[in-house]
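**Q** My questions all concern the structure below.
Derivation of every value follows stated rules applied to the coordinates shown; laboratory data play no part. Values in this document were obtained by computation on a predicted structure and should not be read as measured data. As a convention, Cβ positions derive from the backbone with ideal geometry for all residues, glycine included, and neighbour counts pool all protein chains shown.
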Amino acid sequence: MFRRTRRLALISAVAAAAVILSACSGTPAEDPSTAPSAPDPDATLHVGLVLEPTNLDIRHTSGAALEQILIDNIYEGLVSRTQENEIVARLASDYEVSSDGLTYTFTLNEGIAFHDGTPLTSADVVSSYETVRTDPTVQGNAEFASVSSITAPDATTVEIVLSEPNQNFLFALTGPAGLVFKQGDTTDLKTAENGTGPFTLTRWNKGSSIAFARNDAYWGEKAGVAQVEFQYIPDFTAGVNAALAGDVDVLTAVDPNLAPQLEDSGDFTLTTGRTTDKATLAFNNKKAPLDDVRVREALRLAIDHEALIDAVGAGTPMYGPIPELDPGYEDLSDVISYDPEKAKELLAEAGQEDLELTLTIPSFYGTTVPKVLISDFKKVGVTLEVDAVEFPTWLEDVYTNHDYDLSFVLHVEPRDFGNFANPDYYFGYDNPKVQDLYAQALAEVDADASAELLAQAARLVSEDHAADWLYNGETLTAVSPIVVGFPEDSINSRIDLAGVTVSAEN
């Protein structure tokens, strides 16, 4: 049995000690004319984002646009995760997992209330999770497939029993599946909210902005700013212009080609954040000639990944299906390299010297990646036609009907290796050994042993050349000097703003 405990008081004390030690370190004081002023508790933080949600009902609507702003800010779960994807307690003060990996026992923090003032109890958790377990229309229903019972022994305790161990279950509770809602609440979640988080929703101007206000009745440490305004600017150039005009304090998802404008202005610092974005070149493994491993390997050998990353402007090489922030990551650069001559040999061996293929890609991804692929493939005798389609068309043709040769999509979800263990997924990849290793990894109670099994499975997937991973995405964020504590990593999936502060400008 193991336990994880959240000690807010201890964390605050350590933070305070760090400030004191810094003050006594003898470091020369900053010039008062250049040093940032003290945090302003009445400040408003202005954040520029790209993707606006279609509605606010995170229970029934999927998408990073919702998780990015709502989880940890408006809604909370028993557990959450850090920027590094490490699991931490949230509404729960601590939790225990039985040695057989079947029973999860959570103890709630004291003094938690919903935004309407109603105290949170274990009955609310049970109601929320029973809804996830029994309603297929609720986000996370599939992740609760192994849950056999959810009970509340008392007002501050929740017990969840699984029918079989699931190494990913606790992580699933850090997402929409694990959020806690008021039992019997009639709030219209599409346009309003009633969470427990450090912020409340105050305004949504559709097509423009969403505003939060600090929840002064929050059960934990209060947020560092009085208000947050998310401004939705889907055009990258317009976003940079808004930042340079002083309309936003933070601009996320900065286009790498436009980043120098912000950096050269002297008004922003650019941070490079890690993500679990997998820029995936999907191969239709069930369709000839891509059902031939020699053809798939040849296509991977033909791609100059370093040059492609330079063209994109941000990212790191990725040679397998698991990114660095996920369990099971291993550097698989020994599996594949840039070798056009070997690619030609494999294509000739497979009888595919004059191969013609079509790349189906959602149009919003632009033309940079397709242009690089067209050029690289041409060098090995492969003609690539690009079919840029609207996203609903991609969902219908590629994702649902599996009617494609090659496709390109950013798979942003963490811990989604299971797609390669599902022969019915649109990749069409079917390897029983990989499926067995993934099943073992889920059933393994020891996290390190589970990660080792995932690593073995990921190596097999890469050696089978089931897809190509063009790069592991990075996110560029421009941050004003008056902003302190804005997250750097994983902000395309969530932005926890409680610890962010804004200083009054000098």
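**Q** Please list, ordered by chain and number, the residues whose modelled amide H lies under 5 Å from the amide H of Glu444; skip anything fewer than 5 residues away on the same chain.
**A** Residues meeting the amide H criterion: Gln167.
**Q** For the chain, count the residues as N, evaluate 2.2 N^0.38 Å, and divide the Cα radius of gyration by that value, please. Intermediate results must be reported in sequence, preceding the final value.
**A** Details: Rg = 24.2 Å, N = 506, 2.2 N^0.38 = 23.4 Å.
For the chain, the normalised Cα radius of gyration comes out at 1.03.
**Q** When a footprinting reagent is the concern and you count Cβ atoms within 10 Å, what order do Arg203, Arg300, Arg415, Arg494 take, fewest first?
**A** Arg203, Arg415, Arg494, Arg300
**Q** Same structure, new question: Over the Cα atoms of the stretch 388-451, Rg to Rh with Kirkwood Rh, two decimal places?
**A** 1.08
**Q** In terms of the ratio Rg/(2.2 N^0.38 Å) built on C-alpha atoms, what value belongs to the stretch 274-473?
**A** For the stretch 274-473, the normalised Cα radius of gyration comes out at 0.98.
**Q** Next up: Sort 270-277, 335-342 by the packing proxy (mean of other Cβ within 10 Å over each peptide's residues), most packed first.
**A** 270-277, 335-342
**Q** Suppose R0 equals 56 Å; then what is the FRET efficiency for Ala449 and Lys222 from their Cβ-Cβ distance, rounded to the nearest 0.05?
**A** The formula returns an efficiency of 0.85 here.
**Q** Another question, if that's okay. Using alpha-carbon pairs under 8 Å, 6+ residues apart, how would you state the relative contact order of the stretch 274-473 in percent? The partial results should precede the final answer.
**A** Values: 376 pairs, mean separation 77.2, N = 200.
It rounds to 39 percent for the stretch 274-473.
**Q** Where the only charges are on Cβ atoms (+1 Lys, Arg; -1 Asp, Glu), what is the dipole of the stretch 75-183 about its Cα centre, to the nearest 20 debye?
**A** On the way: 4 positive and 15 negative charges, 44 e Å.
Approximately 220 debye in magnitude.
**Q** Treating cross-link reach as a plain straight distance, find the lysines whose alpha-carbon is under 17 Å from the alpha-carbon of Lys344, omitting any fewer than eight places away in the same chain.
**A** Candidates past the 8-residue exclusion: Lys378, Lys379.
**Q** When the helix-only estimate is applied to the chain (DSSP H runs of n ≥ 4, each -39,500 (n - 2.57), divided by the residue count), what is the mean residue ellipticity at 222 nm, nearest 500 deg cm²/dmol?
**A** Helix contribution divided over all residues of the chain: -7500 deg cm²/dmol.
**Q** Something else now. Counting pairs of alpha carbon atoms under 8 Å apart in space and at least six apart in sequence, what relative contact order in percent does the stretch 88-214 give?
**A** About 23 percent, as a whole number.
**Q** Using 20 Å as the cut-off for backbone N distance, which residues of the stretch 317-348 belong to the label zone defined by a point 7 Å from the Cα of Glu84 along Cα→Cβ?
**A** Those under the cut-off are 322-331.
**Q** In nm, to one decimal, how far is the Asn257 label point from the Ser99 one, both placed 7 Å along Cα→Cβ?
**A** 6.0
**Q** Below 8 Å between Cα atoms, with a sequence gap of 6+, how large is the relative contact order for the chain in percent?
**A** Across the chain, relative contact order equals 21 percent.
**Q** Starting from the Cα-Cα distance between Glu110 and Glu341, subtract it from 0.36 nm times their residue separation and give me the gain in nm to one decimal. Can you show the working numbers first?
**A** Numbers: separation 231, 0.36 × 231 = 83.16 nm, distance 6.52 nm.
Full extension of this stretch gives 76.6 nm more.
**Q** I've got another one for you. Which lysines, on any chain, are close to Lys286 with Cα under 18 Å apart, when same-chain ones fewer than 8 places away are left out?
**A** Lys433
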